Amino acid sequence: MPKLSVIIPVYNAQEYLRRCLDSVINQTLKDIEIICVNDCSTDSSLQILEEYALKHKNLKVIDCKVNGGESVARNIGLENVAGEYLAFVDNDDAIDLDFFEKLYNKAKAEDADICKGEVHEISYDGKDIYRQTNKKIRLEKNKMFFNGDWWSAIYKRSFIEKHHLRLKEGYILGADSLFVYYAVMHAKSLAFVDGVFYHYYRRPDSGSSQFLSLKKIKSFSTIIHYILKDAEKRSEDELSKEEYDAVFYHFFDILYSMGCVCKKEDDRMAKKITANNILKALNSYKYNKSDIFKSGVLVDYGFLEVARDDILKIENVIKEYDLNRVILYRLRRNVQRRKNV
């Protein structure tokens with residue numbers, strides 16, 4: 001049994017695939033298998049994979065005959081892993097050469113279900129951003145702040161199999177968020193390694209592209225509502241209020257922002273979808289809904305810098321999304337009710 005299995009879904013990645021493969025093949029942790037799932041690439045990606053497979057016996061290529069999308073490709077990888085731990089690397093990203101060795105050693109030392117490293121995000125304009133998710137999780141003592149960066153971790157394979165964790169197929173954006181939500185929810189032990197990095201490259205034409213199509217917005221929105229619905233039904237023994245709030249505000253923030261990242265031609269429809277999503281999420285919040293508008297709560301997530309009763313500022317933030325004035329009507333009504341109490 002190899003110590004680690006690495007799953008790399010590949011689709012039309014010829015421009016950056018070598019960078020990815022070189023960073024994985026040259027890991028200081030040598031006892032690893034690399035499973036590359038070619039999802040019917042139409043460029044030279046398959047030829048590059050076959051070239052590397054000839055040179056490196058621990059690299060296996062699975063060539064799909066039907067394009068199923070990233071979730072299908074990752075699930076195919078999951079069905080073929082043999083490692084004690086497993087990991088995911090996107091075909092346009094890269095990792096530090098000691099990334100897996102440090103994560104594996106820490107995971108073994110703490111018998112962790114999940115062990116997470118850190119992330120450098122390279123933005124669309126080339127700016128290097130240091131994400132501090134590990135620090136936030138430890139500072140808040142709240143594992144549910146690990147609700148993104150899912151590829152920055154390794155997962156114990158027996159843990160993944162025990163809970164039957166797979167990527168939800170049929171969704172072009174958001175399935176990874178659902179996967180890591182369930183993984184972190186079930187994890188009994190979560191370990192961290194600072195100072196070793198997964199390098200996440202944002203590209204205008206990637207899955208989480210700079211401007212989202214309506215199809216991607218609908219896909220991710222649906223996934224988010226799956227997550228919020230599941231979180232809503234969890235008991236406080238399963239998901240404390242602090243953990244629930246970490247999930248809710250993170251994904252509410254994403255729902256809120258989607259109206260700003262749509263393609264220009266889809267602007268009106270995207271904002272209408274955004275308005276409906278905001279309202280649906282607000283109505284699903286399982287604790288005192290007035291808490292959502294308390295000063296400081298939403299400020300932490302950067303999208304409503306207002307005191308809870310400052311309806312004029314709320315209007316200024318929300319009105320551009322609310323084509324039918326539904327949200328503003330309900331906000332005014334709720335604020336008035338609070339003032340009358």
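We did not get these values from a lab; they are worked out from the coordinates using the rules stated. Keep in mind that this is a model prediction, so the values were computed, not measured. In this analysis, Cβ positions are derived from the backbone assuming ideal geometry, glycine residues included, and neighbour counts consider all displayed protein chains.
With both bridge residues required to lie in region 73-196, what share of the DSSP beta bridges run antiparallel, to the nearest 5%?
Working: 10 of 13 bridges.
Restricted to region 73-196, the bridges split so that about 75 percent are antiparallel.
Please report the projected area of region 110-215's Cα convex hull averaged over all directions, in nm². Before the final figure, lay out each step's value.
Values: hull surface 30.3 nm².
If you wrap the Cα atoms of region 110-215 in a convex hull and average its projections, you get 7.6 nm².
Over region 1-126, what is the mean sequence separation of C-alpha contacts under 8 Å (at least six apart), divided by residue count, expressed as relative contact order in percent?
Values: 217 pairs, mean separation 46.8, N = 126.
Contact order relative to length: 37 percent.
Among all lysine pairs in region 18-138 that are eight or more places apart or on different chains, how many have alpha carbons less than 13 angstrom apart?
Working: Lys30/Lys57; Lys30/Lys102; Lys102/Lys116; Lys106/Lys116; Lys108/Lys116; Lys116/Lys135; Lys116/Lys136.
Here the count comes out as 7.
Please give the length that would be gained between Lys65 and Asn26 if that part of the chain were fully extended, namely 0.36 nm times their separation in residues minus their C-alpha to C-alpha distance (nm, one decimal). Walk me through the intermediate numbers first.
Details: separation 39, 0.36 × 39 = 14.04 nm, distance 2.92 nm.
Extra length from Lys65 to Asn26 when fully extended: 11.1 nm.
What lysines does Lys229 reach when the alpha-carbon gap must be under 18 Å and sequence neighbours fewer than 8 apart in one chain are set aside?
Filter leaves Lys168, Lys218, Lys241, Lys280, Lys286, Lys289.
Once the Cα atoms of region 230-287 are picked out, what are the Rg and Dmax in Å?
That works out to 13.7, 46 Å for Rg and Dmax.
For region 1-72, state which trypsin sites (Lys or Arg not before Pro) are in a DSSP loop and have at most 15 other beta carbons lying within 10 Å of their beta carbon. Walk me through the numbers on the way to the answer.
Working: sites: Lys3, Arg18, Arg19, Lys30, Lys55, Lys57, Lys60, Lys65; in loops: Lys3, Lys30, Lys57, Lys65.
Taking region 1-72 and a limit of 15 other Cβ atoms within 10 Å, the loop trypsin sites (Lys or Arg not before Pro) found are Lys30, Lys57, Lys65.
Sort 86-96, 192-202, 279-289 for me by packing, meaning the mean count of neighbouring Cβ atoms within 10 Å per residue, highest on top.
The most tightly packed comes first, giving 86-96, 192-202, 279-289.
Mean 1/r over all different Cα pairs, inverted: what Kirkwood radius does region 9-101 give, in Å?
Hydrodynamic radius (Kirkwood, Cα pairs) of region 9-101 is 13.3 Å.
Would you mind calculating the gained length between Glu15 and Leu97 on full extension (0.36 nm times residue separation, minus the Cα-Cα distance), in nm to one decimal? Before the final figure, lay out each step's value.
On the way: separation 82, 0.36 × 82 = 29.52 nm, distance 2.05 nm.
Difference between extended and current length: 27.5 nm.
What nm distance separates the two modelled labels at Thr42 and Lys280, each placed 7 Å from Cα along Cα→Cβ?
It works out to 3.1 nm between the two label points.
Take Lys135 and Lys233, extend 7 Å from each Cα along the Cα→Cβ direction, and tell me the distance between the two endpoints in nm.
Placing both labels 7 Å beyond Cα along the Cβ direction yields 3.8 nm.
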